[in-house]
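Only the coordinates and a few stated rules stand behind these numbers; no lab work does. All figures in this text were calculated on a predicted structure; none of them were measured in a lab. Glycine gets a Cβ as well: all are built from the backbone with ideal geometry, and neighbour counts include every protein chain shown.
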Amino acid sequence: MKMGKKMRIMGLALAMVMTMGLGLASAVDWCPDNFIFLVDQSGSMYMHFGDPVYKIAVAKKVLHDVNDQIPGTNYKAALELFAPVQELYPPGPYDRAAMSKAINTIKDDQEIFNRLTPMARGIMSLDPVLAKMSGKTAVILVSDGMADLGTDPVAEARAIYAKYPNVCIHIVAVADKKDTKGIAILTAINKMSPCSVMVEGLTLYDDKATVEKFVRDVFCTPKPVERPKEEVMILRGIHFDFDKYNIKPEWAVVLDEGAQTLTKRPNIKVIVEGHTDSKGTDAYNQKLSERRAHAVYNYFIKKGIKADRMKTIGYGESRPKASNTNPNGSDNPEGRAINRRVELKVVQ
């Protein structure tokens, strides 16, 4: 079979991947097998949170208090930071004392200015961590929600739920009441699943009984988990030649199927994501990925999909699906071809 024909068949077979809900969980309790502390270390976290307490100081004390209350040690655990992404406790068997030492290594003081918050990237960083865990995983997100750089963190959290249906994201909000944008983001993530618990950081900081209740709720919540009916739709099989963004005729049938799916589901909105391989500069690849996303966007427009249902974004070479190089450092043509792609993801 010729390579072009083989790739076309694969593209058709993988054209649309839908994550379908399974309804309510049959178990009475939602008790995790693993947990991940995901902690915001952006500049805003090193500002005062009530005088004279810093947000990060509240975060560290809450983490220590929760760590002390976790029932037993039969978990797999991790401690991850974002803004920037940093791993302090790699995914592995939970050890209370080792986790406490890892929490202690979170910096008490960092620069505030010129340190923006790519919160979406922080949520995306959960992907490789969750991939190393099996069973149910509780993510305890400690943040003020002040996302001011990159893509939409709410959309990325929704994508995590879609890819990992056995995840529950809990929120410890270390946000001032005036931080309405941050609170709105954290609240939106909290509302994605009925298993999710959201509490104010200062409440946990000041009240031991609240910490105990939070730990009980997180580590064995007597609530059914309702899975979303449709969370993510990834358009596969659309690949581009090197340094090109034109849609080849053989991909029309895949895109037509995507347009038909969107027509049948008029209430959903999508992000059209463009990607490249690693050849070329970051700046050039960023623009190329945007042109690829726009090419698919324009195709859907011609098929009758309304513009206000779609948003385009280019990721350049930052999100490879395959390795661009072989272990010996030579080019990997197959991997590069896979990375020159467009994906379609549901955001609503």
Filtered hits (lysines, Cα-Cα < 21 Å from LYS107, offset >= 8 within chain) -> LYS55, LYS60, LYS61
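Restricting to bridges with both residues inside the stretch 34-219, how much of the DSSP beta-bridge set is antiparallel, in percent to the nearest 5? Working shown, then result.
Values: 6 of 29 bridges.
So the antiparallel bridges in the stretch 34-219 amount to around 20 percent.
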Answer in debye to the nearest 20: the dipole magnitude of the stretch 233-327 about its Cα centre, from +1 Lys/Arg and -1 Asp/Glu charges placed on Cβ, is 420
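Charges at C-beta only: +1 for Lys and Arg, -1 for Asp and Glu. How large is the resulting dipole of the stretch 34-219 about its Cα centre, in Debye rounded to 20?
Working: 20 positive and 22 negative charges, 102 e Å.
Its charge dipole is roughly 480 debye.
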Straight-line reach check, LYS163, cutoff 12 Å on alpha carbons, 8 or more apart in-chain or any other chain, hits among aspartates and glutamates -> ASP127, GLU230, GLU231
Whole-Hz Karplus couplings 3J(HN,Hα) for the stretch 296-309, θ = phi - 60° and coefficients 6.51, -1.76, 1.60, Gly and Pro as x, run 5, 4, 5, 4, 5, 4, 5, 8, x, 7, 5, 4, 6, 9
Taking every C-alpha to C-alpha distance in the stretch 34-219 and binning by 10 Å from 0, the per-bin percentages run 10, 42, 40, 9, 0
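Going by the alpha-carbon gyration tensor, a ≥ b ≥ c the square roots of its eigenvalues, is the stretch 122-189 rounded (a/c under 1.5) or, if a/c is not under 1.5, prolate (a/b greater than b/c) versus oblate? Can you show the working numbers first?
Working: a/c = 2.41, a/b = 1.82, b/c = 1.32.
Cα axes put the stretch 122-189 in the prolate bin.
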If HIS275, HIS48 are placed from fewest to most neighbouring beta carbons inside 10 Å, the sequence is HIS48, HIS275
